[in-house]
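Below you'll find the structure, written out as structure tokens, and then a few comments.
The values are calculated or read from the model by the stated rules, or taken from the named source; none is laboratory data. Source: prediction; values computed, not measured. For neighbour counting, all protein chains shown are included, and Cβ atoms are generated from backbone atoms with ideal geometry for every residue, glycine included. For accessibility, only protein heavy atoms count, side chains too; no ligands or nucleic acids. Shrake-Rupley method; radii C 1.70, N 1.55, O 1.52, S 1.80 Å.
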Amino acid sequence: MKKYEKIYKALSKKYTDEEITDSMLIPEDLTERERKEADDELKRYRLKLLREQTEEERIFSDLMRLKILMEDYIRQEPFTEEKSFGKYLEEYARILKITKKKLSEDLAVHYTRLSRIINGHEDPNIELVYRLEKHCGKLISALKWWRLVIKKQEYEIKIDDETREREGGKVKNAMKFVA
């Protein structure tokens, strides 16, 4: 007798079949061939769903994916230029299938400034993240966009010893504690 059948028999003494199916997912013991067939069937079904997806559904799911990627990056990973505010903004435009020029018009930001932000030559201001929040229908909050900016600033503070020394030299009557 397979192990899942034993589990089912034990559960069926306490619960009805309906209660078991409502509360649990019982995996199937599949052969390698059956597993491959099931995987292929699932792949075909997912591709079918993707083909039948409306443009609005595609944009929504891609923006949700972008939001989750942003959250994971903010929470877990160290700063990298490949995942900067500008790169996420560029991906946002790609998802919407709009040009940077169109995005700059939508956000009421000069195209050159938007380009500088995307390419990491300028940091966005708080007003821009509010506009992005509104532009995406509040699907990605201004706070999430802003945390990307903060992540870069934190990184720069950690590595910028030159500015730290220069600015520290301007301080008079500094307290002397042993840390």
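Springs between Cα atoms under 10 Å define the GNM used for the chain, and in it the highest mean-square fluctuation of Glu77, Glu55, Glu32 occurs at Glu32. Apolar share of the accessible surface for segment 49-179: 54 percent from carbon plus sulfur atoms, 1.4 Å probe.
Past the 32 Å Cα-Cα mark, which pairs from Lys48/Lys87; Lys14/Lys67; Lys48/Lys97; Lys43/Lys67? Listed pairs above 32 Å: Lys14/Lys67.
Based on the Stokes-Einstein relation at 4 °C and a viscosity of 1.567 mPa s, and on the Kirkwood radius from alpha carbon pairs, segment 80-143 is assigned a translational diffusion coefficient of 111 µm²/s. Straight-line cross-link partners of Lys83 among the aspartates and glutamates, defined as a Cα under 12 Å from its Cα and at least 8 positions apart when in the same chain: Glu71, Asp72, Glu91. On a per residue basis, segment 14-144 carries 71 Å² of accessible surface, using protein heavy atoms and a 1.4 Å probe.
Springs join every pair of Cα atoms under 10 Å in this Gaussian network model of the chain, and among Leu63, Leu96, Leu50 the largest mean-square fluctuation is at Leu50. Of the labelled figures (i) 1.06; (ii) 1.21; (iii) 1.08, only one reflects Rg/Rh (Cα atoms, Kirkwood Rh) as derived from the coordinates, namely (ii). Within segment 82-179, the GluC sites (Glu not before Pro) that combine a DSSP coil assignment with at most 15 other C-beta atoms in a 10 angstrom radius are Glu122. Choose one answer from Lys67, Lys48, Lys138: the residue with the largest mean-square fluctuation in a GNM of the chain with alpha-carbon springs under 10 Å. Of Lys67, Lys48, Lys138, the Gaussian network model singles out Lys48 as fluctuating most.
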